[in-house]
Amino acid sequence: MRDYLLTLCVTAAVTYLLTGPVRKFAIAAGAMPEIRARDVHREPTPRLGGIAMFFGLCAGLLVADHLPNLNSVFELSNEPRALLSGAALIWLIGVLDDKFEIDALIKLGGQMIAAGVMVMQGLTILWLPIPGIGTVALTQWQGTLLTVALVVITINAVNFVDGLDGLAAGMVCIAAAAFFLYAYRIWYGFTIEAAAPATLFAVILMGMCLGFLPHNMHPARIFMGDSGSMLIGLVLAASAISITGQVDPDALKIFEGSTREATHAALPVFIPLLLPLTIIAIPVADLVLAIVRRTWNGQSPFAADRGHLHHRLLEIGHSHSRAVLIMYFWSALIAFGTLAYSVHSASMWIVLVIVALSAIGLVLLLLPRFTPRAPRWAESFVPPRYRRRAVRPEAPEPEASAAYEAEERAPVPAGVNGATALSALPELHDRRKAGTRG
């Protein structure tokens, strides 16, 4: 675990330190597109943040290669090299898109080629554990198609959710943390060395996101762009493919005993098929809804709009930061809930806790629909919007009211703007003579 923590810290530090210079480079290179109709930010913000994240990935792999406990991952497996090859290709495509806005079909083809490069170097799904049947070996074509499909879906799901400051990096970091705990349990708990590459990929992905988040939180100083969103999507997919395609379910001895016992014992192996989708369940749902919505409206599935889930959270009244935190909450609930259920599937307490947290999440989603009022004694501890309205002052005397209306009808002198007209002019001149700002 100490070596994993060191790899995490080095990856995060390199990504964090390089993001500042990358921001200056993006501004100098003109990678600051104009504000589009679907954008939430109001000022042009540089992209190309994926450059820093890619070099963080390279630094993490380099450090892990020189650590004694992680060096075996590079000696016994070709998966780190496969990941680096696919990541470099998808990163180059993302950099070109951030600068020149390449066509969506070209990006899709690049994603498929990057997945194919990883498959050619051994990072592919070899078998699937099927409940009630056992391990089913896949042919080369079946494994290739399934691997490419998983990579493309994950990349585009992460790319679709990258619409608010800090949203994509935070959600992928939560997903990577859940997957790291799962992969580390398979590697350390069951002593299966084939799970070590997936554990390494997950911890490096966490470092990339954690190092970039301080620069990307609202208000963001730089965006990761497609060079970053497609990169972290590919690394996330590679982690799932590695542990699914290389870990032999028979090594866990799960298909022994009665059918009921075998089913409960097999959950740790079935989870790799579900966890890549559960940890990005919200982005995948957003992706599916976007495709259906755009196709229904006669648009291209790749056409951009403002109908994503994070846009809807803003429309119903959530602030930018609260919308991001709500998405974080649901991502963590789904990812860690699935992880906890895979460890203790027979515990009813886990199900009850997940249900209770889901109810809390629904209340948070509907928070702008009602405005609760705090009691009198607690008004000083809550924001002003939750306080009771102040009591209106008593009606003025008739003479004072008439004088006030006459004063209101008096013409405003020329050259006075709206802000100046709110206060008396002599007082304003006195303050200016005293050397203060009006």
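The values are calculated or read from the model by the stated rules, or taken from the named source; none is laboratory data. The structure displayed is predicted, hence computed values, not measured ones. Ideal geometry is used to build each Cβ from the backbone, glycine not excepted, and the neighbour counts take in all protein chains shown. Accessible surface areas use protein heavy atoms only, side chains included; no ligands, DNA or RNA. Shrake-Rupley method; radii C 1.70, N 1.55, O 1.52, S 1.80 Å.
What to note about this one:
- When Tyr328, Tyr341 are compared by accessible area at a 1.4 angstrom probe, the order from most to least is Tyr341, Tyr328.
- Pair Ala356, Phe329: separation of 7 Å Cα→Cβ label points (nm): 1.5
- For Ser342, the solvent-accessible surface with a 1.4 Å probe is about 10 Å², rounded to the nearest 10.
- Distance (nanometres) between label positions extended 7 Å along Cα→Cβ at Leu84 and Glu43: 3.9
- Stretching Leu62 away from Val136 to a fully extended chain increases their span by 23.1 nm, per 0.36 nm per residue minus the current alpha-carbon distance.
- Label point distance in nm, Arg2-Ala104, each placed 7 Å from Cα along Cα→Cβ: 5.1
- Peptide ranges 50-62, 2-14, 94-106 listed from the most packed, as the mean C-beta count within 10 angstrom indicates: 50-62, 2-14, 94-106
- The stretch 89-200: C-alpha gyration tensor shape, a/c 1.5 cut-off, then a/b vs b/c: oblate
- For the set Thr244, Thr139, the ranking by accessible area, highest first and with no ligand, DNA or RNA atoms included, is Thr139, Thr244 under a 1.4 Å probe.
- The residues Leu366, Leu309, sorted by heavy-atom accessible surface at 1.4 Å with ligands and nucleic acids left out, run Leu366, Leu309 from largest to smallest.
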